[in-house]
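Following: one structure in structure tokens, then a few remarks.
The values are calculated or read from the model by the stated rules, or taken from the named source; none is laboratory data. Remember, predicted model here, so these are calculated numbers, not experimental data. Don't worry about glycine lacking a Cβ; one is built from the backbone with ideal geometry, like all the others, and counts go over all protein chains shown.
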Amino acid sequence: MKVTQPVKPPKSAKRKRRTSQTLGGPPVLLLKPFKIPDGFKIVIDTREQQSIFKDGDELESILEHRALKNGDYSISGYEDMFAIERKKMSDLYSYCGSEFRDKTADKLSRFKDMIKRGGWVGLIIQATENTVLGGNFHSKLPSEVVRQQIASFEVKYGIHVYYNKYSRNLRRWSVDRMLKFYKYETEMWKV
């Protein structure tokens with residue numbers, strides 16, 4: 001089992017109090033490091049242009065790049081059971097609007113089938129909820145339509161939705177769920 005090192009705050013963070021102002025972002029939380037089981041690999045879709053996983057990342061040794069049929073991120077060996085789709089503000093509105101009938105609806109049906117077979121699907125939105133619901137000045141689509149689509153993703157399709165504008169928080173949320181799913185799947189067969 002591999003254990004990653006905890007992420008240390010920058011030296012500038014050792015001031016009076018760690019705040020978003022002193023760190024240039026949200027307060028850094030010192031969480032326990034990930035415990036990576038043997039054989040665990042994260043798969044990143046080759047079409048994912050700006051991954052939440054970076055070269056030099058503490059998880060770099062367990063990353064694989066392959067074309068995925070479902071989602072942007074998955075677990076090696078569980079690509080048909082586990083998927084995380086990532087959307088930035090720049091493509092969320094088209095995902096919910098202009099692309100919905102041609103692309104998104106088919107993808108959501110595949111996700112729903114995956115969940116019915118005991119799988120898990122997450123949607124990470126790289127923005128705050130307030131930003132998403134505040135509207136997109138590049139789109140004519142009303143923010144209320146996006147809000148209702150996201151509610152539909154959760155209720156009708158069973159997709160877990162997480163909003164956060166910081167890649168490191170999206171990465172932590174994703175890896176926590178990947179490891180938990182992997183643990184349940186691999187331990188289930190040991191019983």
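Here is the figure for the range 102-128: residues that are surrounded by 15 or more Cβ atoms within 10 Å (Cβ to Cβ), touching a strand residue (DSSP E or B) at 6+ places or on another chain (Cβ under 8 Å) and more than 18 Å from residue 78 (Cα to Cα) total 4. For the range 37-84, the set of residues classified as among the charged types (D, E, K, R) and closer than 17 Å to residue 167 by Cβ consists of 45, 48, 54, 55, 57, 58, 60, 72, listed by residue number. In a residue-by-residue description of the range 138-145, the property of being among the β-branched types (Val, Ile, Thr), part of a helix (DSSP H, G or I) and under 15 Å from the mean Cα position of the chain (by Cα) applies to no position. Mind checking whether some residue in the range 159-182 is surrounded by fewer than 17 Cβ atoms within 10 Å (Cβ to Cβ), assigned by TED's automatic domain parsing to the domain that holds residue 54 and farther than 21 Å from residue 45 by Cα? The answer is no, given that none of the residues of the range 159-182 is surrounded by fewer than 17 Cβ atoms within 10 Å (Cβ to Cβ), assigned by TED's automatic domain parsing to the domain that holds residue 54 and farther than 21 Å from residue 45 by Cα. Residue 152 meets the conditions (1) outside any loop (DSSP other than H, G, I, E, B); (2) at pLDDT below 90; (3) surrounded by fewer than 16 Cβ atoms within 10 Å (Cβ to Cβ); (4) hydroxyl-bearing (Ser, Thr, Tyr) in every case but one. The failed one is (2). Starting from residues that are of a type in the set (A, V, I, L, M, F, W, C) and part of a strand (DSSP E or B), keep the ones in the range 36-53 and report whichever is modelled with the lowest pLDDT. Ranking the qualifying residues of the range 36-53, first place goes to 36. For the range 8-16, state whether one or more residues are at pLDDT 60 or above and assigned to a loop (DSSP other than H, G, I, E, B). No; the residues of the range 8-16 include none that is at pLDDT 60 or above and assigned to a loop (DSSP other than H, G, I, E, B). Residues of the range 155-174 that are part of a helix (DSSP H, G or I) and in contact (Cβ under 8 Å) with a residue 60 or more places away in the chain: 167, 168, 169, 170, 171, 172, 174. What pairs come out if I take residues in the range 43-61 that are over 24 Å from residue 33 (Cβ atoms) and pair them with residues that are of a type in the set (Lys, Arg) and surrounded by fewer than 16 Cβ atoms within 10 Å (Cβ to Cβ) whose C-beta lies under 6 Å away, six or more apart or interchain? Close Cβ pairs (under 6 Å, with a partner that is of a type in the set (Lys, Arg) and surrounded by fewer than 16 Cβ atoms within 10 Å (Cβ to Cβ)) do not exist here. The set of residues from the range 121-137 being outside any loop (DSSP other than H, G, I, E, B) and among the hydroxyl-bearing types (Ser, Thr, Tyr) comprises just one member, 131.
Between 33, 26, the distinction of being in contact with a helix residue (DSSP H, G or I) (Cβ under 6 Å, 6 or more places away or on another chain), more than 28 Å from residue 110 (Cα to Cα), at pLDDT below 95 and in a loop (DSSP other than H, G, I, E, B) belongs to 26 only.
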